[in-house]
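All remarks here apply to the structure that follows.
The values are calculated or read from the model by the stated rules, or taken from the named source; none is laboratory data. As the structure is a prediction and not an experimental result, all values here were calculated from the model. Neighbour counts are summed over all protein chains in view; Cβ atoms, including those assigned to glycine, are modelled from backbone coordinates with ideal geometry. For accessibility, only protein heavy atoms count, side chains too; no ligands or nucleic acids. Shrake-Rupley method; radii C 1.70, N 1.55, O 1.52, S 1.80 Å.
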Amino acid sequence: MVVVVLGAPGTILRSVWYEEERLLRVAQQMPCREVQAGMLLSLMGQPQQYSYPSIFIYGHRASGKSHVMHVLLKELELPHATVSCVECVSVALLFEQVLLSFFGCDAASLLPRSPSLSDFVRIYRQQCSQSPAKQTRYIVMEKAELLRDTDANLLPALLRLQELVEDNVTIILLSEIVWDKFRPNTGCFEPLLLHFPDYSKGELQQILSQDRHPSYTAEFYSSYINILLGVFYSVCRDLRELRHLAALNFSKFCEPLAEGKVKETDTHKLWRNIEPHLKKAMQTVYLREVSSLQWEQMQQMEEKESGALRGLSAHTHVELPYYSKFLLIAAYLASYNPARTDKRFFLKHHGKIKKTNFLKKNEKTSNHLLGPKPFPLDRLLAIFYSVVDNRVAPTASIFSQISSLVTLQLLTQVSHDDQLDAPKYKCAVSMDFICAISRTVNFDIVKYLYDFL
Amino acid sequence: MSKRKLTDAHLPVGECITQVQEILRERLCCQKLPDRPEGVEAQHKHLLELLKRTAVHGESNSVLIVGPRGAGKTMLLKCVLRDLLEDKEVQKNLLQVHLNGLLQTDDRIALKEITRQLHLENAVGDKVFGSFAENLAFLLEALKKGDRSSSRPVLFVLDEFDLFAHHKNQTLLYNLFDVSQSAQAPIAVVGITCRLDVLELLEKRVKSRFSHRQIHLLSSLTFPQYLERVRTQLSLPDDFPDGKFAEDWNASVKTLCEDKSVEDVLQRHFNSSKDARSMHMLLMFCLSRVSVSRPAIKPADLLEASRLCFADAKANMLHGLSILELCLIIAMKHLNDVYEGEPFNLQMVHNEFKKFLQRKSNSMYNFDQPVIMKAFEHLQQLELIRPVDSSSAKIQREYQLMRLMIDHSQIMEALQKYPQCPTDVKQWAMSAFG
């Protein structure tokens, strides 16, 4: 074993008990995470020494928690088991994976069907007495927040596994949720808390710039990343998401270059070219409304015809029967207008209603903030008859259209199914959607909405 | 590397540090037993006496050890067992069964575990038992048979005792206490729990069979004692291979404990909790900073460790939010101020945010509703906001009522640390009215 004090430039992985070249290799694989890795290494100590029974690492998504753990354990060749709690739909899978990684498949096959924690600990102890740990064994649990949804005993037991199996084992929990939300009612063994801070803008720039395409210069790519961060940084700091966006939009960025319109150094022109494009990506790709394949197709289409490209959020292509549209409009009005105002909106001779009386503006919060209110069927039909131009008979066809609107989840039924005489509904569509619908039937809905008077 | 004990040999610093790490880590991480339990001598004597009576004289007993987490309940029991087993007679005679409420989650599993720990799998074989009591009686009966005329004493240790009370009908507890009451086989039942109200959990028939002996471990530690304990935890034993190094180390630990700033930090820790576990956590952070280049714990190390221990996790998480998400949080804070903690929904938050944008006439943060929705959902994912009722099936997402799970002071603290926070956002957060 070699004792090394690392003072090499760019490494803060110092004074740990591994070979220098290995540590350098580790450091190269985790840009901007040397401080955290160094901290972890010093907590883990030398392989044969005991480590703290449980360590809880939290930090935002894509802040390198799993990556750092993975690289450290792999490069330094420490015995470990990595378990993703998403994959482990049952605890059996979890136990199996741990036993498999530590003791081989013979041990894993000893587990009975639907094993309990007791079985797991028994087999672990039995195996461990045959092959005691010469080095600390690590169990890494990714997405540990899911452990809360399993058996209530699992998390407290894992936290003190070292004590239960009497082996040199350390549990490392990774999560993006803070520890306070994990603590069970009667408390448990408290793990060491370690925070992985988010990458700063400079660090993001540095990391993203590493993925540059070999046929372009580093400055060119990093200016692209700069522009990308300028658009997305205020909304999203998730490295993985940014990387995805960067990869998708780079070809568009290079286009003017390939056509020979601008030089690589002309950042301003390049920015002018890409900026609206990135804004569009924010409305579509970022929201996952189109897949990356669709996005590429859309980009090609756009070159041919400059049609407006829109994501699903635009809600333009919902085809409804004529009366259904009016039913939906009526439902919207019923949900967002107070019932007492119906007289004013829908009666031709509603007599004199004082304007001051009518507009009780002391009802400060508008209905569009509070959400739709439930309404009875009668009111829906009454409004429907008055908004639709011609006379409609209350036939079965109308009623069946209501229920198909419910099936389409444009309306929701609030009352119980067994209440046949006076069912209640709520309108479940957004303002934009209903405006688009009413435009198709030439109905000015805003005039009928109490909030917009 | 030889680890043989050499008296007064001078080892290289690297070797010494390795030794220090090894010794202290055993203490802090794997809870190595001290030679003598400190501060709980009376309880130690009581428990030892009690178990001795079972082990030697074949008396049945039941006792509960009650104390908060990290008070040293398990340590006490282990010390007692260690002292008890020094007796050769006892060592040969006493059988131990260790159960843990976390592992043995129902009585069937517990019984299987008891059978295994008593090495009676062969005796039980394929027998089918009518009831739990019958099974347990058989197990204890099996212990009677053998070369000795009387049965061997069995010690049952039930860790996390309160969890056993949740088992169906409390069959295990009922039977164990019943055996310990009636003069069947000599058994001692020791329960360990952190719940003071544990007796309330027991059914009447179980409670009446319990001896009502309780050993309380309520720490009455004073600050000087706490300080002393920190010092002993960090000190090296006399049989450390390199005598000179150990001397220096112990001296440096002593000066460390006398440092004013260190004392302040420890006082703060003492005030928040004085149990051993949280102290170990603090010292573990200190220890991890010890290396060849810094072969002693400096006051600065302790200060840094304390900073890590007291770091506010939620403020840390707020630091990593995007500007948009932070703006939403501020809008929620204002809504909470105005409506006195009433729940809010996305529309209200968005409206509040729009009001801010209108005043600023700054188009920089003009985002579409879906982008805001995504940010809002991210906050929900991080559990910084939580839906009021979980049945969200019938409510549109933008009208789902939410509550903010962060304190105002945490928001303000995070804002101070937030990198490149725009001034107008900061002012908006500071202003009393959104």
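Would you call A:Leu309 in a loop (DSSP other than H, G, I, E, B) and modelled with pLDDT under 85? Yes.
This table checks each residue for (1) in contact with a His (Cβ under 9 Å, 6 or more places away or on another chain); (2) under 20 Å from B:Val13 (Cβ atoms); (3) not hydroxyl-bearing (Ser, Thr, Tyr).
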site: B:Glu228; (1), (2), (3): no, no, yes
site: B:Arg231; (1), (2), (3): no, no, yes
site: B:Ser235; (1), (2), (3): no, yes, no
site: B:Asp239; (1), (2), (3): no, yes, yes
site: B:Asp248; (1), (2), (3): no, yes, yes
site: B:Ser252; (1), (2), (3): no, yes, no
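Residues that are of a type in the set (Val, Ile, Thr) and either part of a helix (DSSP H, G or I) or open to solvent by less than 10 Å² (accessible area, probe 1.4 Å) (or both) within segment B:16-66 comprise B:Ile17, B:Thr18, B:Val20, B:Ile23, B:Thr54, B:Val56, B:Val63, B:Ile65, B:Val66, listed in sequence order.
For A:Ser118, the conditions (1) within 14 Å of another protein chain (Cβ to nearest Cβ); (2) of a type in the set (Gly, Ala, Ser); (3) over 18 Å from B:Ala110 (Cα atoms) are fulfilled apart from (3).
Rundown of residues vs (1) among the acidic types (Asp, Glu); (2) within 30 Å of B:Ser272 (Cβ to Cβ); (3) not in a helix (DSSP H, G or I), yes/no style:
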residue: B:Phe138; (1), (2), (3): no, no, no
residue: B:Val157; (1), (2), (3): no, no, yes
residue: B:Asp162; (1), (2), (3): yes, yes, no
residue: B:Gln170; (1), (2), (3): no, no, no
residue: B:Leu176; (1), (2), (3): no, no, no
residue: B:Pro224; (1), (2), (3): no, yes, no
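Yes/no matrix, rows are residues, columns are (1) free of Cβ contacts under 8 Å to residues at least 60 places away in the same chain; (2) surrounded by fewer than 17 Cβ atoms within 10 Å (Cβ to Cβ):
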residue	(1), (2)
A:Ile171	no, no
A:Leu174	no, no
A:Asp180	yes, yes
A:Thr186	yes, yes
A:Phe196	no, no
A:Ser200	yes, yes
A:Arg212	yes, no
A:Ser215	yes, yes
A:Tyr224	yes, no
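If you scan segment B:270-288, which residues turn out to be under 16 Å from the mean Cα position of the chain (by Cα) and not in a loop (DSSP other than H, G, I, E, B)? Correct list: B:Ser272, B:Ala276, B:Arg277, B:Ser278, B:Met279, B:His280, B:Met281, B:Leu282, B:Leu283, B:Met284.
Would you confirm whether or not segment A:241-251 contains a residue that is out of contact with any His (no Cβ under 8 Å at 6 or more places or on another chain) and in contact (Cβ under 8 Å) with a residue 60 or more places away in the chain? Let's see the steps before the verdict.
The initial filter retains those residues of segment A:241-251 that are out of contact with any His (no Cβ under 8 Å at 6 or more places or on another chain), namely A:241-248, A:251.
Then drop every residue that is not in contact (Cβ under 8 Å) with a residue 60 or more places away in the chain, which leaves A:241.
Looking for residues that are out of contact with any His (no Cβ under 8 Å at 6 or more places or on another chain) and in contact (Cβ under 8 Å) with a residue 60 or more places away in the chain, one finds at least one in segment A:241-251, hence yes.
Of all residues in segment B:76-89, at least one satisfies being under 20 Å from B:Phe161 (Cβ atoms) and either surrounded by fewer than 17 Cβ atoms within 10 Å (Cβ to Cβ) or within 11 Å of chain A (Cβ to nearest Cβ) (or both). Applying a threshold of 9 Å to beta carbon distances and a minimum spacing of six or more residues, or different chains, the list of pairs starting in segment A:152-169 at a residue that is touching a residue at least 60 places away in the same chain (Cβ under 8 Å) and within 8 Å of chain B (Cβ to nearest Cβ) and ending at one that is open to solvent by 10 Å² or more (accessible area, probe 1.4 Å) and among the basic types (Lys, Arg) reads A:Asn168/A:Lys134; A:Asn168/A:Arg137. Looking at segment B:150-171, can you tell me whether even one residue there is under 19 Å from B:Arg53 (Cα atoms), surrounded by fewer than 17 Cβ atoms within 10 Å (Cβ to Cβ) and modelled with pLDDT under 90? Within segment B:150-171 (the criterion being under 19 Å from B:Arg53 (Cα atoms), surrounded by fewer than 17 Cβ atoms within 10 Å (Cβ to Cβ) and modelled with pLDDT under 90), the answer is yes, since at least one residue qualifies.
Residues that are at the interface with chain B (Cβ under 10 Å from one of its Cβ atoms) and in a helix (DSSP H, G or I) occur in segment A:218-240; there is at least one. B:Arg108 meets all of the listed conditions (1) within 13 Å of chain A (Cβ to nearest Cβ); (2) closer than 28 Å to B:Gln31 by Cβ but one, namely (2). For the criterion of being more than 7 Å from chain B (Cβ to nearest Cβ), open to solvent by less than 50 Å² (accessible area, probe 1.4 Å) and without any contact (Cβ under 8 Å) to a residue 40 or more places away in the chain, A:Leu208 passes. Restricted to segment B:422-434, and to residues that are open to solvent by 30 Å² or more (accessible area, probe 1.4 Å) and in contact with an Asp or Glu (Cβ under 9 Å, 6 or more places away or on another chain), which residue is farthest from the other protein chains (Cβ to nearest Cβ)? So the residue we want is B:Ala432. Considering (1) of a type in the set (Val, Ile, Thr); (2) in contact with a strand residue (DSSP E or B) (Cβ under 9 Å, 6 or more places away or on another chain); (3) closer than 19 Å to A:Gln97 by Cα, the lone condition that A:Val165 does not fulfil carries the number (2).
The residue that is farthest from A:Ala27 (Cα to Cα), among those in segment A:37-50 that are open to solvent by 10 Å² or more (accessible area, probe 1.4 Å) and among the polar types (S, T, N, Q), is A:Gln48. Put simply, of B:Arg209, B:Arg231, B:Arg152 the only residue that is of a type in the set (D, E, K, R), away from chain A (no Cβ under 14 Å) and outside any loop (DSSP other than H, G, I, E, B) is B:Arg231.
In segment B:289-305, the qualifying residues are those that are open to solvent by 10 Å² or more (accessible area, probe 1.4 Å) and not in a loop (DSSP other than H, G, I, E, B), and the one that is farthest from the other protein chains (Cβ to nearest Cβ) is B:Pro299.
The numbered conditions (1) modelled with pLDDT under 90; (2) under 30 Å from A:Asp119 (Cα atoms); (3) within 14 Å of chain A (Cβ to nearest Cβ) are all true for B:Ile17 except (2). Just so you know, in segment A:417-453 the residues that are in a loop (DSSP other than H, G, I, E, B) and touching a residue at least 60 places away in the same chain (Cβ under 8 Å) include one that is most open to solvent (accessible area, probe 1.4 Å), and it is A:Leu453. For beta carbons closer than 6 Å, sequence separation of 6+ or different chains, a first residue in segment B:269-287 that is within 8 Å of chain A (Cβ to nearest Cβ) and touching a residue at least 12 places away in the same chain (Cβ under 8 Å) and a second that is open to solvent by 40 Å² or more (accessible area, probe 1.4 Å) and among the aliphatic types (A, V, I, L, M), the qualifying pairs are B:Phe285/B:Leu308. The set of residues in segment B:218-265 being over 24 Å from B:Leu33 (Cβ atoms), exposed (fewer than 14 other Cβ atoms within 10 Å of the Cβ) and of a type in the set (Gly, Ala, Ser) consists of B:Ala251, B:Ser261.
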